[in-house]
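Comments concern the structure below.
The values are calculated or read from the model by the stated rules, or taken from the named source; none is laboratory data. In this text the structure is predicted, and so the values were computed from the model without any measurement. So basically every Cβ, Gly included, is an ideal-geometry build from the backbone, and we count neighbours across all protein chains shown. Heads up: the accessible areas ignore ligands, DNA and RNA and are worked out on the full protein's heavy atoms, side chains in. Shrake-Rupley method; radii C 1.70, N 1.55, O 1.52, S 1.80 Å.
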Amino acid sequence: MNPATHVLVVSADEEWRSEVVQGLNQAAGRLDNPFGLMAVGCPCGDAAVDAVLATAPTQADLQVVVIDHGPRGAGARGNPAVTTAQRIIEARPELSLYMVLEDDADKLLVEQLASDAVDGYFFRGEHDFNGWFRIVAAEIAEKAETPFYNALREYVAQAKDSWHTPGHGGGDSFKGSPWVGDFYDFVGEQMLRADLSVSVPELDSLLHPMGVIAQAQKLAAKAFGARKTYFATNGTSTANKVIFQTLLAPGDKLLLDRNCHKSVHHGVILSGARPVYLDSSVNRHYGIFGPVPKATLAAAIEAHPDAKVLILTSCTYDGLRYDLKPIIAMAHAAGIKVIIDEAWFGHARFHPELRPTALECGADYATQSTHKILSAFSQASMVHVNDPAFDDHLFRENFNMHASTSPQYNLIASLDVARKQAVLEGYRLLDRSLKFAHELREKINATGAFRVLELEDLLPEEVKGDGIRLDPTKLTIDISQSGYSADELRDELIGRYNIQVEKNTHNTLTLLLTIGTTRSKVSRLFDAMLRLAKEKRAPRAYARVPEAPRFTELACLPRDAFYEAGERLPLLDEQGQPNAQLTGRVCCDQIVPYPPGIPVLVPGQVIEANIVSYLVRLLQTQKSIDLHGLALVDGELHLRVLSEAERAALPAR
């Protein structure tokens, strides 16, 4: 299937515009045109911006905009071409932008106003449309390049004999086997042939890239608006830990959202840092954790001017996004580096409804799970860096400490391809997903038994004035009027309708729309929800989810508590009640109810009676929640805590 590509020619001069469109299209007919390039024209101003944002089903993917600067002598700020260029850059930064000028004096003006977002220039007096076409086609070819994937595909096509790892030898160990031959058929020949050893020099080294991986990472940095980008094949979990170890020495202080992913808390242990935990806001009705209130963040920054790092999660699992720009400005004014875990928001760069991204708001680092919404394979993630004081060598040393020396090349190739797709057709695909999300909201709400929650429904009271926004690709459905429990509804959807949802709380289901969401999937989901609604079960009263206790205090550094042997005390006493012997003790492990995956206890934290009661009540009332971090001893759940001798020997926080 060959692509179709549009080049938009923008000019207030209708006669000149028509001449350029005709000239470029004639060149497209004469010259090699692998991308199906075709020029279309429109005036400056709103018409040009509308054309850039259009996604008609039959329209080709717009890749390049050529803007006529207009006649000499026009006022700098009054020039509609310059204003149009700025609006297009703000709306869709992934597009390539070329300006048409009268002379070099115009170039200086445009560079001042449009910064470095202009990819090139043409001059009005040079009607070399063949040359213009070749330049534009070369620009598209560069964006469409996948250096690592190409090298991998070419190497596999050479069909070399494997005398190196992995042991399956390109799949040969599976072929013809009466026991595991079906795995070869299931996975596919090319996938197995591409599972190669680091012994292949032309495929570069993920641990020290100098060739095709370095080229692919450079293209990704440009696509996502970063100074540098690094591919990670151990997921965003590892990416977070690598950044922590790069920025934090043992004893350094950091501010972190208690709502952060457990990998962040693991990073605290590994780095030996001194954490200041900030309690998240909580929507108690739905059991959903939200952002840290802006006032809490401001107070923490003021109270801890010696902090080295602030890390936040935006957007959250449920799609809640911080108003990051003022928060990052506050942190930077205090000399604090900002890391944003964008695991659930790696697609935002490619649609104006989702922007600004963390990097666009000034973040120093952003970690993204490219596999969550875009097309990379599971575990494939990226680290984006905009820190002006970034130490590449130190980062690389920490990266190598966590990354495998035998990376899965298919994961790296998927990152290369996912970047290409995001740049070339991400806007159109995301626009489709956003339209599906809007449609599903209306249709699900019309069932009467289910309701998609809006931003105001999801926001905890304490953050309603903080400028929080919602990623519409995450649909949280209130099921309380349906008569189903969340577990029953999940079972019905998967058992009867072959529909698997992302997650649930006690009274909600979460659906995730991605660039892989199709019209057929939308229709099948709505049909299932409508059929379930027609059963007209009586609404049910849900057991109230216990309110998560607020953070207490740290008796010592998390790392110090984690690496002690500790002792194990039962969660319940002999009468089956919360064990009072745990009160006042210091936890050695991270205790995480899942979902939502937010720690109730972290290593080094002092345990209070209300925390023990909360854990016991969760186990008794919320059967769909798992408690990670508890030890099973003789069939009973235990907490690992510091012994009195260990606590006495440890330095205080």
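Of the heavy-atom accessible surface of the stretch 194-277 (probe 1.4 angstrom), what whole percent is carbon and sulfur? Ligands and nucleic acids excluded, carbon and sulfur reach 54 percent.
How much of the DSSP bridge set in the chain is antiparallel, in percent, rounded to the nearest 5?
On the way: 37 of 74 bridges.
Once the DSSP bridges in the chain are tallied, antiparallel ones form about 50 percent.
With 25 Å as the limit, the listed pairs Lys228/Lys521; Lys222/Lys325; Lys143/Lys372; Lys325/Lys474 have Lys228/Lys521 beyond it between alpha carbons. Taking 0.36 nm per residue of sequence separation and removing the Cα-Cα distance, the Ala645/Lys435 pair yields an extension gain of 69.5 nm. Building the convex hull from the alpha-carbon atoms of the stretch 103-242 and averaging its projection over directions returns 13.6 nm².
Express the relative contact order of the chain as a whole percentage, based on alpha carbon pairs under 8 Å and six or more residues apart in sequence. The partial results should precede the final answer.
Values: 1220 pairs, mean separation 68.6, N = 653.
Rounded, it is 11 percent for the chain.
Rounded to the nearest 0.05, what FRET efficiency do Ser199 and Phe390 give with R0 = 30 Å and r taken as the Cβ-Cβ distance? Could you check? Using R0 = 30 Å, I get an efficiency of 0.45. Residues in the chain average 43 Å² of solvent-accessible surface per residue, probe 1.4 Å, ligands and nucleic acids excluded.
Equivalent ellipsoid semi-axes for the stretch 507-628, as square roots of 5 times the alpha carbon gyration tensor eigenvalues: give them largest first, rounded to whole Å. That gives 39, 20, 10 Å for the three semi-axes.
Return the tail of the calculated pair distribution for the stretch 144-219, meaning the percent of Cα-Cα pairs more than 21 Å apart. Spell out each step's value before the answer.
Details: 992 of 2850 pairs.
Summing the P(r) tail past 21 Å for the stretch 144-219 gives 35 percent.
For the residues Asp257, Asp626, a 1.4 Å probe over the protein chains yields an accessible-area ranking, largest first, of Asp626, Asp257. Between Glu397 and Asn130, the distance separating the two model label sites (each 7 Å from Cα on the Cα→Cβ line) works out to 5.7 nm. Based on the Stokes-Einstein relation at 25 °C and a viscosity of 0.890 mPa s, and on the Kirkwood radius from alpha carbon pairs, the stretch 581-639 is assigned a translational diffusion coefficient of 210 µm²/s. With respect to the chain, whose longest principal axis is taken over its alpha-carbon atoms, helix 104-114 is tilted by about 20°. Maximal additional length on extending the Glu90-Ala47 stretch stands at 13.9 nm, based on 0.36 nm per residue less the C-alpha distance. Here the mean projected area of the convex hull built on the C-alpha positions of the stretch 295-420 is 8.8 nm². Could you work out how far helix 294-303 tilts from the main Cα principal axis of the chain, as a 0 to 90 degree angle to the nearest 10? So the helix axis and the longest Cα principal axis differ by about 80 degrees.
With all distinct Cα pairs included, what does the Kirkwood hydrodynamic radius of the stretch 252-308 come out to in Å, to one decimal, could you say?
Numbers: mean 1/r = 0.0821 Å⁻¹.
Roughly 12.2 Å, rounded to one decimal.
Note on Asn2/Lys228: beta-carbon distance plugged into 1/(1 + (r/R0)^6) with R0 of 41 Å gives a FRET efficiency of 0.75.
Tell me the relative contact order for the stretch 147-245 as a rounded percent, counting alpha carbon contacts under 8 Å between residues six or more apart.
Values: 76 pairs, mean separation 23.6, N = 99.
RCO, the stretch 147-245: 24 percent.
A Förster radius of 35 Å, combined with the Cβ-Cβ distance separating Glu502 from Lys160, puts the computed FRET efficiency at roughly 0.25. At what distance in angstrom do the alpha carbon centres of the stretch 131-149 and the stretch 278-355 lie from each other? Each part's Cα centre sits 37 Å from the other's. Overall size of the stretch 369-408 from C-alpha positions, given as principal axis extents largest first: 31, 26, 9 Å. Diffusion of the stretch 379-482 by Stokes-Einstein, at 25 °C in a medium of 0.890 mPa s and with Rh set to the Kirkwood radius over alpha-carbon pairs, works out to 135 µm²/s.
What do you get for the angle between helix 324-333 and the principal long axis of the chain? Use alpha-carbon atoms, 0 to 90 degrees, nearest ten. The angle comes out at about 80 degrees. What the pair-distance distribution of the stretch 612-653 shows, using all Cα-Cα distances binned every 5 Å from zero, is 5, 17, 20, 20, 13, 13, 8, 4 percent.
Quick check: at a probe of 1.4 Å, how many percent of the accessible area of the stretch 404-461 sits on carbon and sulfur atoms? The computed percentage sits at 52. Taken over the alpha carbons of the stretch 344-417 as equal point scatterers, the Debye sum produces base-10 log I(q)/I(0) values at 0.11, 0.16, 0.24, 0.28 Å⁻¹ of -0.33, -0.70, -1.19, -1.25.
Counting pairs of alpha carbon atoms under 8 Å apart in space and at least six apart in sequence, what relative contact order in percent does the stretch 398-515 give? List each step's numbers first, then the result.
Values: 103 pairs, mean separation 28.8, N = 118.
Relative contact order, the stretch 398-515: 24 percent.
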